[in-house]
Structure formats: C-alpha cells, structure tokens
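> This is the structure I want to talk about, given as structure tokens.
The values are calculated or read from the model by the stated rules, or taken from the named source; none is laboratory data. Note that the structure is a prediction, hence the values are computed from the model and not measured. Heads up: the accessible areas ignore ligands, DNA and RNA and are worked out on the full protein's heavy atoms, side chains in. Shrake-Rupley method; radii C 1.70, N 1.55, O 1.52, S 1.80 Å.
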Amino acid sequence: LTAEMQALVFSTETTFIEMTAFVGGKIEEMADEAAANNMQVAGAPIWIYTGSDGNPETRFILDICLPVQSTGKYNGTFEPRTLPAFSHVGATHLGPWENLGKTYGQLMGEIMKQGEQYTGVCREIYHVMNLQNPLENITEVQVGIK
C-alpha cells in the first residue's frame, strides 16, 4: 500500500504510441512551476495509467505526477491533487522501458496466483531516468489491486 501524497498533475487521454511526446518535458515544466511556487519536490516522478490494456492503440488516461510539499498557494498550469493511497502488487524494473512488458506480465501472473483483482490502474515511479543510457533506468512498477 502506497500512502496518499500531494502532487502536481498533468492529465491527458493518449495511447502508448502517442505518449512518447510527454517523456522528459512535462516533468521539467512541473519542477519549474513547483520552484516558482515555493514547493519542494517530494519524490520521484510518477506516471499513472488508467484503462490501459497493453494494446498500443487503446486510448487511456495518463496522469503525469510530480510529488510535492506545498507551503502555500499554487498559481500555475498543472493541477494540484492528492493522489489516493494505492493498493498494489509491485516490482522494480531495471533497464530499458521497452522491456516493461515482461515485468507487467510477471505482476499480472502474481495477481492471478494470489486471487486478487486488477483495478485497471497502474503506476510507474521513475527512481532513475537515463534517456542517454536506458540500461541505468530504475522503475518501480505498481499494478493496482482491489
């Protein structure tokens, strides 16, 4: 169970094919706005996928989140939001994101084995993001369960 947290959020409807346009840039914009609003970044960037099924053409909701601690009023273009506590089965994925499917497959198998039910929501927490050397990426994958 991940505890609830405060975050700046960019939300959009997209597909796996289209979402590559958001890698890198949105988090930098959020960090700049957080600093301009006297907010402290309070954790690694999180991408939340709602309604995705692994098909590259399926439309789903993507929330790009930057955890923050607020000390006052926010004035910016992103949505300040409380991310709810999140029950999940999780694993740490090391290396390129192109290989995340294997990690998701293992987690889905674990959910079935435990008799849990998938909620349709997944989170990826990017502890280390290295676009120049993807072998160094460290991504925490969380698959929501009821």
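> For the stretch 1-55, just list the percent of Cα-Cα distances falling in each 5 Å bin from zero outward, please.
In order of increasing distance, the bins hold 4, 14, 26, 21, 17, 13, 4, 1 percent.
> Let me ask something else. Using a probe radius of 1.4 Å on heavy atoms only, what accessible surface per residue do you get for the chain? Whole Å² is fine. Please list the in-between numbers first.
Numbers: 8030 Å² over 146 residues.
Roughly 55 Å² per residue, with all protein chains present.
> Follow-up. Cross-link partners among lysines for Lys73, C-alpha distance below 25 Å, same-chain residues fewer than 8 apart left out?
Straight-line reach from Lys73, under 25 Å: Lys26.
> Once neighbouring chains are kept in place and the probe is 1.4 Å, which whole percent of the accessible area of the chain is contributed by carbon and sulfur?
Working: 4200 of 8030 Å².
The nonpolar share, carbon plus sulfur, comes to 52 percent.
> Here's another thing I want to ask about it. Taking a ≥ b ≥ c as the square roots of the Cα gyration tensor eigenvalues, with a/c under 1.5 meaning rounded and otherwise prolate when a/b beats b/c, else oblate, which class fits the stretch 86-146?
On the way: a/c = 3.18, a/b = 2.13, b/c = 1.49.
Prolate, since a/c reaches 1.5 and a/b exceeds b/c.
> Would you list which lysines come within 16 Å of Lys113, measuring only between C-alpha atoms, while excluding same-chain residues fewer than 8 positions from it?
Partners within reach: Lys146.
> Please list the equivalent ellipsoid semi-axes of the chain, computed as the square roots of five times the alpha-carbon gyration tensor eigenvalues, in descending order and whole angstrom.
Details: eigenvalues 131, 61, 43 Å².
That gives 26, 17, 15 Å for the three semi-axes.
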